[in-house]
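The values are calculated or read from the model by the stated rules, or taken from the named source; none is laboratory data. Worth saying up front: this structure is predicted, and the values here are computed from it rather than measured. Cβ: placed from backbone, ideal geometry, glycine included. Neighbour counts: every protein chain shown.
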Amino acid sequence: MRQLADDPLPPTAAAERLLQPHGWLTPASARIAFGLLIVLVLGLAASVAAHLRAQLFDDERRQAELIARVLADHTVRSLETIDLTLATLAGAVERPGGPPGGLAARALINAALLDSTLQGVAALRSLSLVGPEGQVLASTRGENLGLRIDLARLGLRPGRPIPRLGPLQRARDLDDLQPDAVPVAQPVDLIPMVRKIELGEFSGGYLVAALNPDAFANHYGMTAMPSGHSASLASYDGRLLVAGAEVDAQPGTDLRLVPIWAEHLPQLEHGSLIGAGIDPGEYVVAWRVLRAYPLVVLVERRVSEALAGWQDQTRLIAALGLLGVSVLLMLGSLAIRSLSEQAEARKVLAQSMLALRDRERMLSTLVDNVQELMFRTDAEGRIDFVNGRWEPFSGHPHDYAIGRRLGELFVPADRSRIDALFAPGALPAPGAKLMARLQQRGGGERPLEIVVAPLHGPQGKAALAYTGFAIDVSEREQARDALRAQHAVMRRLREEGASAFD
């Protein structure tokens, strides 16, 4: 079919272009995009939860370290107060010229008890003067006087240095340290603090302070428990001395396998970790070695308890994450459904276009094979379409006719009659025929019988365009010319015959 302009795309290319989605907007790409968004939301929620967990552990470790430092300072002050008292008493006992005998020692000890600094030390049970053989010569506790105790239980052994703090003993006071003493029924412990007397009447003797571990335990509990922590006191060599309120292990338990002793002491004298504590399980643990004393303060909190608040935050984060995922799933399903429907619509449209192109191709073939010249003009008579019969009829190429007025293609004598068909207000009668001679390329003429029909719009009577047929009547006109010539010859013969008879 001859048209004003060729299609920019062949039919199959146009259909394939319709089948192609716009950019990356396909159901598959939408699934990938929303899947990545869901992964991003879940990853963001997980990263926030992990960050909060790490921050929580950092805060817990700092808090445990702070509590350990406070308790270590308090313990050191208490021990230094008692130690200073022992040093003062030792100096008084060693001073020459004082009253002789146990009377002087008892007087000094009683005077020490009246010291205001010592009265506030709850950890002190008794102060005693013990002779070189273990006999208690003087004591703030009357039950201790005159007893003979086992010096080895104070940590005093021949040939070894005198420890500032003796080993933990299952005893209430010095009377429970006799060699033949009956073990105490209740689990009461004692920590001895010993100072040797070097001069004077009591040279070789010892000043012994009986320390009450429960006093440390009470203070530790009041300081650590409000924040959910448990504080304990252990010896530097890994022996539990004071068990915290939440600790199941008993005083005297060996702690050398606990990570603090197994991995960190003596390299690190203070620090914190997440790991095993005194009891089985995972703990937030902080420790601090006391200055000048072979003791270690431990502060613990179960990880499960520390994570209680974080778990509430995690549930909120999980709920928000699930809400975000639900919204993305809903939006994703809507987007995928919409894109799928668009893809299906494009497919149907492409199939329709292919079918239309097939019908157009069939119609074009039919029109091009019609023996008559078919044309279409605009409202002013300018041609915008001719079929394949144009070139055989006129000898001109197809583009020669496009854009010209129909009358310009015919001989000058017939143009006015053809232009009248397209004059404003002209209404060609249905089936009306017009004879005109087509101007051929070589200068010849081809007689055509033209039929024009207007194409009206949906409203109004004005013609929007015209379609027409032009039938080649050359043979008919030649036959008519031959018949006219024959008639002329016959008429002339009749005329000549009539004149001959006259």
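Looking only at segment 137-150, which residues are at pLDDT 90 or above and either among the aromatic types (Phe, Trp, Tyr) or not in a loop (DSSP other than H, G, I, E, B) (or both)?
The one that is at pLDDT 90 or above and either among the aromatic types (Phe, Trp, Tyr) or not in a loop (DSSP other than H, G, I, E, B) (or both): 148.
Looking at this structure, is residue 33 at pLDDT below 85 and among the small types (Gly, Ala, Ser)? Even if it seems obvious, please write down each step before you answer.
Details: at pLDDT below 85: no; among the small types (Gly, Ala, Ser): yes.
In short, no.
Considering segment 356-374 alone, what residues qualify as being surrounded by 12 or more Cβ atoms within 10 Å (Cβ to Cβ) and under 59 Å from the mean Cα position of the chain (by Cα)?
If the condition is that a residue be surrounded by 12 or more Cβ atoms within 10 Å (Cβ to Cβ) and under 59 Å from the mean Cα position of the chain (by Cα), then 356, 357, 360, 361 are the ones that fit.
Pairs under 9 Å by beta carbon, first residue in a helix (DSSP H, G or I) in segment 336-347, partner among the charged types (D, E, K, R), six or more apart or different chains?
Here the result reads 336/31, each pair linking segment 336-347 to a residue that is among the charged types (D, E, K, R).
Pull up segment 171-202, narrow it to residues that are farther than 24 Å from residue 87 by Cβ and in contact (Cβ under 8 Å) with a residue 60 or more places away in the chain, then point me to the one that is surrounded by the fewest Cβ atoms within 10 Å (Cβ to Cβ). Don't jump to the end; show me each part of the working.
Quick first cut of segment 171-202, residues farther than 24 Å from residue 87 by Cβ only: 171-172, 175-176, 178-189.
From what is left, the residues that are in contact (Cβ under 8 Å) with a residue 60 or more places away in the chain are 187, 189.
On the way: 187: 9, 189: 21.
Going through the qualifying residues, I end up with 187.
Is it fair to say residue 134 is over 25 Å from residue 91 (Cβ atoms) and out of contact with any Cys (no Cβ under 8 Å at 6 or more places or on another chain)? It would help to see each step written out before you state the result.
Details: over 25 Å from residue 91 (Cβ atoms): no; out of contact with any Cys (no Cβ under 8 Å at 6 or more places or on another chain): yes.
No; evaluated as a whole, the condition is false for this residue.
Here is a yes/no grid of residues against (1) in contact with a Phe, Trp or Tyr (Cβ under 7 Å, 6 or more places away or on another chain); (2) within 25 Å of residue 53 (Cβ to Cβ):
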site: 259; (1), (2): no, yes
site: 262; (1), (2): no, no
site: 277; (1), (2): yes, yes
site: 280; (1), (2): no, yes
site: 304; (1), (2): no, yes
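Of everything in segment 214-265, what is in contact (Cβ under 8 Å) with a residue 60 or more places away in the chain, within 19 Å of residue 60 (Cβ to Cβ) and not β-branched (Val, Ile, Thr)? Give them in sequence order.
Across segment 214-265, the qualifying residues are 220, 224, 227, 228, 229, 230, 231, 232.
Look through segment 449-502, keep the residues that are acidic (Asp, Glu), exposed (fewer than 15 other Cβ atoms within 10 Å of the Cβ) and assigned to a helix (DSSP H, G or I), and return whichever of them is modelled with the highest pLDDT.
Kept after step one, since they are acidic (Asp, Glu), are these residues of segment 449-502: 449, 472, 475, 477, 481, 495-496, 502.
So of that shortlist, the ones also exposed (fewer than 15 other Cβ atoms within 10 Å of the Cβ) come out as 475, 481, 495-496, 502.
Imposing the further condition that a residue be assigned to a helix (DSSP H, G or I) reduces the set to 475, 481, 495-496.
Values: 475: 81, 481: 76, 495: 78, 496: 76.
It comes out as 475.
Name the pairs whose Cβ atoms lie under 8 Å apart, with the first residue in segment 470-483 and without any contact (Cβ under 8 Å) to a residue 60 or more places away in the chain, the second hydrophobic (A, V, I, L, M, F, W, C) and surrounded by 12 or more Cβ atoms within 10 Å (Cβ to Cβ), and 6 or more positions between them or separate chains?
From residues that are without any contact (Cβ under 8 Å) to a residue 60 or more places away in the chain, the pairs are 473/435; 473/448.
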